[in-house]
Amino acid sequence: MSNWQVFFSNYGSIIAGFFAAAGVVVGIISSVASSQMAEKSKTDLTRAVQVIERLETVIGDQWDALDTEQVETLRKAIVAMPFKGLVHVMYLNSLGKSFAQSIATAFRAAQWEVKYSTGGGFEVGVEYGRGAKSPEIMKALSSVINPGLLVGRGTDEPPADFFFVGVGSKPPKR
């Protein structure tokens, strides 16, 4: 008998048992790892859904531009205000750009000086303001925008002839 044959006849069952035990350990480790990966994947998926829901709230839905009739209604409400001035119409992101543009169009049609650009820091809804006269801006805007979406900023400040309208994110439909 060769040395290898003698070795395996004496230790073969021990070696086979070792490999069988190692296989069981690898199987257990693999099972635990798979379970942990599945749990981690579930946790990651839940977190991703939460992030998307928060982004939907922050970013919002697409604002629809005012139609021609609404622009005319807003223009008439602006003309009815007892003053004129400069208004800076801004939008937070591309989802509110055409809506803000239609608001700016109504102010221009009412013979106001209008600046139009992107802006930052706006929250959910349409912000307006600065100065004690700005509630008149709110009244005009509420002729075409749900008053619940209008948010005044700096309305208790001294009267000024410079105002702003900022289109923030549109609340998602729930």
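The accessible area of THR43, taken with all protein chains in place and a 1.4 Å probe, comes to roughly 80 Å².
With all protein chains in place and a 1.4 Å probe, the accessible surface of segment 93-132 carries 48 percent carbon and sulfur. Projecting label points 7 angstrom from Cα along Cα→Cβ for LYS42 and SER30 puts them 2.2 nm apart. Only aspartates and glutamates eight or more places from LYS139 in sequence, or on another chain, were considered; those with a Cα closer than 17 Å are GLU72, GLU127, ASP156, ASP161. The alpha-carbon of LYS76 sits under 18 angstrom from the alpha-carbons of these aspartates and glutamates, leaving out residues fewer than 8 places away in its chain: ASP67, GLU113, GLU136.
The values are calculated or read from the model by the stated rules, or taken from the named source; none is laboratory data. All of these numbers come straight from a predicted model, not from anything done at the bench. Please note: Cβ atoms are built from the backbone with ideal geometry, for glycine as well, and neighbour counts cover all protein chains shown. Surface areas here come from the heavy atoms of the whole protein model, side chains and all, with no ligands, DNA or RNA. Shrake-Rupley method; radii C 1.70, N 1.55, O 1.52, S 1.80 Å.
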